[in-house]
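Written out below as structure tokens is the structure these notes cover.
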Ligand SMILES: [Zn+2]
């Protein structure tokens, strides 16, 4: 559940690259807006996760976190979540290219 092996924080640019590579349409399911804020882990210095609760008799006890990447519609605030491990694994396999100053446009 909690991804302890990949400690790198994701920035919004990484998430945007992931979404573009996966062909995500980027449309709010509630209002059809196309603009989202992406929670930038590097900016806030943290990550987001849903608590996972396990049944223990008649009680629910904490069993860690299910980590997610969160996008918020800038129009209505609807939240959209992606499984963080899938995003982080893709980013690790597809590192951002360095932008070199003075390189010609192609
Ligand atoms: Zn919306």
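Each label point is 7 Å from the Cα along the Cα-to-Cβ direction; what then is the distance between the points at residue 96 and residue 37, in nm?
Distance between label points: 2.0 nm.
Does anyone have the angle between helix 12-21 and the longest principal axis of the chain? Alpha-carbon axes, 0 to 90°, nearest 10?
For helix 12-21, the angle is close to 80 degrees.
Pairs of Cα atoms under 8 Å, at least six residues apart: use those to get the relative contact order of the range 12-93, whole percent. Write down the numbers at each step before the final one.
On the way: 108 pairs, mean separation 23.2, N = 82.
Contact order relative to length: 28 percent.
Under the rule a/c < 1.5 gives rounded, and otherwise a/b versus b/c splits prolate from oblate, where does the range 12-93 land using the Cα gyration tensor?
Numbers: a/c = 2.23, a/b = 1.56, b/c = 1.43.
Prolate shape, in that a/c is at least 1.5 and a/b is the bigger ratio.
Helix 84-93 versus the longest principal axis of the chain: what angle, 0 to 90°, nearest 10, using Cα atoms?
40 degrees
Readers should treat all values here as calculations from the given coordinates under stated rules, not as data from a laboratory. Everything quoted here is computed from the prediction, not taken from an experiment. Using ideal geometry, Cβ is built from the backbone for each residue, glycine included, and neighbour counts are taken over all protein chains shown.
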